[in-house]
Structure formats: structure tokens, C-alpha cells
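A short write-up of the structure that comes next.
The values are calculated or read from the model by the stated rules, or taken from the named source; none is laboratory data. These numbers come from a predicted model, not from an experiment. Don't worry about glycine lacking a Cβ; one is built from the backbone with ideal geometry, like all the others, and counts go over all protein chains shown.
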Amino acid sequence: MNHNASLTAPPRRTRRAVLLGLAVLAVASALFAVRRPLMMSAPTCLAGRWHGCLDTFNGVVFVTLVTLPLAVLVAWALARRRRAAGAASAWRSSLAEVGMVHGTVPFVWMTMMPGGGAGTVPGRVSLVPLRDLLTMGPVGTVGNLLVLAALGFFAPVRFAALASVPRVLALGAGCSALIETAQYVLRLDRVSSVDDVLVNAAGAALAALASRRWWRTTVEAPADRPRPAPAPAG
């Protein structure tokens, strides 16, 4: 019997329970803080009306929270399918994939919302670093940090090739540059700013640091393929 394993198991379970409890508490606190604007969007969103729901920040946040149980169900279904196929790290891979999508798409959607002069106002570009950062304010800065945070958190957990802060930083910068380019090309009445790229990339890198203990640091023999059956003893 491995006494060391039996001694270390309870502390690990306790640590996980504490982390889960803190996460639930953080989410509950955030929901309590924004409950009023979310409730203002709830009737429109629940009625299925596009305008007033998916074209507002509050509406997108509300839909993201409402669909969270569905995201968990999708992750469970993916993990179950992978475990049935004998794949390694079924839950980690599934949660990371769903987390990347569910945590990134809403923020990208919000960055692509058109302004009042969309289609008529020519695209604007700000290429002087740190000039726009001074005018973002706390809400704008936090929002830009969160745009690619889910991608930065889950990407190195899912892919060993991205298990590095510089690589996640480069990934965040590249994705943010694509968003800013799309804003300019589509003439959304937004300013395509280099500071947005810098802050988005920084948010991805900081989120990657937060998930460092769960990174996939080794390339597993194709993760989604079933493990080969052991050869019979001869």
C-alpha cells in the first residue's frame, strides 16, 4: 500500500474544494455587483429580441451567464466521449476547449459591436503606444484585459505547444491584431488602437500565469486516440 499517496490525497481534495469554493464566491460576488444592469436586459433577451439584447454589453453578459450550464453540459459530453474512447486527460481537454470558446466569443462579439456611425465613418487608427491607455479608464482597461483572458487561461492547458508565457503573449497579440484589423476593415466606427492589442495580449499572458499549474507540458501520444491494448503475455 502506498502510504504517501493516501496521505497526500486528502490535502489535494481539500485544496480543490477550497479553490472551487473561492471561485463560486467570486462569481456570486460579481453577479451581485452587476445584478441590476443584467436584470434590465433579462426581459428583452428572454423574449428573443435581437435589439436591446445581443447588441448591448449587458445583454451579451446576460446571455453568457444563462448559457453557462449548457457549456458545462457540452464539456461533460465531450469528456464522457473521450473517456469512453480511452483518451487521456479527458476532462482537462474538454473543459479547456469549452472554456476557450465560451469565455472568448462573448468578449470578441462585444469588441465587434458597431458604433453609431458604422458604415459611414472612415476607419480610424491609433498607432502611438500608451496614448490611448491613459484615456481608457479602469473599466476600459479591465475590459480589455478580459477580452482574451479565457484564451490565455485555457490554451496552454489544452495545447502543450502553447505552454509558455511568451507564446501565449504572441497568440494574444496576434488575435487582438486580427480583431483591430476587422474593426478597421468593416468600418465599425471604432478606433483600431495599438494599445488595445497591448492590453489584450497582457490579459492573455496574465491569465496564462494563473493556470500555470494545469498546463500540458508534455505532448501526449495523440490525446484523443484510444490507448493501445497491452500485448498478451506469452
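Could you figure out which of (1) surrounded by fewer than 20 Cβ atoms within 10 Å (Cβ to Cβ); (2) over 17 Å from the mean Cα position of the chain (by Cα) isn't true of residue 180?
Just one mismatch for residue 180, condition (1).
Is it the case that residue 68 is crowded, with 20+ Cβ neighbours inside 10 Å and under 13 Å from the mean Cα position of the chain (by Cα)?
Against the criterion (crowded, with 20+ Cβ neighbours inside 10 Å and under 13 Å from the mean Cα position of the chain (by Cα)), residue 68 does not qualify.
Among the listed residues 159, 154, identify the single one that is closer than 30 Å to residue 95 by Cβ and modelled with pLDDT under 95. It would help to see each step written out before you state the result.
Values: 154 fails: modelled with pLDDT under 95.
Exactly one residue qualifies, and that residue is 159.
Within segment 128-162, can you find the residues that are closer than 12 Å to residue 107 by Cα and of a type in the set (Gly, Ala, Ser)?
The answer is 143, 149, 150.
Just to verify a result, which residue in segment 110-140, among those that are among the hydrophobic types (A, V, I, L, M, F, W, C) and in contact with a helix residue (DSSP H, G or I) (Cβ under 6 Å, 6 or more places away or on another chain), is modelled with the highest pLDDT? Lay out the reasoning, then the answer.
As a first pass, look at segment 110-140 and keep what is among the hydrophobic types (A, V, I, L, M, F, W, C): 110, 112-113, 118, 121, 125, 127-128, 130, 133-134, 136, 139.
Checking the rest, the ones that are also in contact with a helix residue (DSSP H, G or I) (Cβ under 6 Å, 6 or more places away or on another chain) come to 110, 127, 133.
Working: 110: 95, 127: 91, 133: 88.
Only one residue tops the list, namely 110.
With the structure loaded, tell me whether residue 146 is closer than 24 Å to residue 63 by Cα, surrounded by 15 or more Cβ atoms within 10 Å (Cβ to Cβ) and out of contact with any Pro (no Cβ under 9 Å at 6 or more places or on another chain) or whether it fails that test. If you could, list the steps in order and put the result at the bottom.
Numbers: closer than 24 Å to residue 63 by Cα: yes; surrounded by 15 or more Cβ atoms within 10 Å (Cβ to Cβ): yes; out of contact with any Pro (no Cβ under 9 Å at 6 or more places or on another chain): yes.
Spelling it out, residue 146 is indeed closer than 24 Å to residue 63 by Cα, surrounded by 15 or more Cβ atoms within 10 Å (Cβ to Cβ) and out of contact with any Pro (no Cβ under 9 Å at 6 or more places or on another chain).
So residue 35 fits all but one of (1) more than 16 Å from the chain's Cα centre (by Cα); (2) under 23 Å from residue 215 (Cα atoms); (3) at pLDDT 70 or above; what number is the exception?
Looking at each condition in turn, residue 35 falls short on (2).
In this structure, does residue 8 turn out to be at pLDDT 90 or above and surrounded by 10 or more Cβ atoms within 10 Å (Cβ to Cβ)? Explain how you work it out, then say what you get.
Values: at pLDDT 90 or above: no; surrounded by 10 or more Cβ atoms within 10 Å (Cβ to Cβ): yes.
No: the conditions fail for residue 8.
Picking from 189, 195, which residue would you name as being within 19 Å of residue 57 (Cβ to Cβ), out of contact with any Ser or Thr (no Cβ under 6 Å at 6 or more places or on another chain) and either outside any helix (DSSP H, G or I) or touching a residue at least 40 places away in the same chain (Cβ under 8 Å) (or both)? Working first, answer last.
Working: 195 fails: within 19 Å of residue 57 (Cβ to Cβ).
Exactly one residue qualifies, and that residue is 189.
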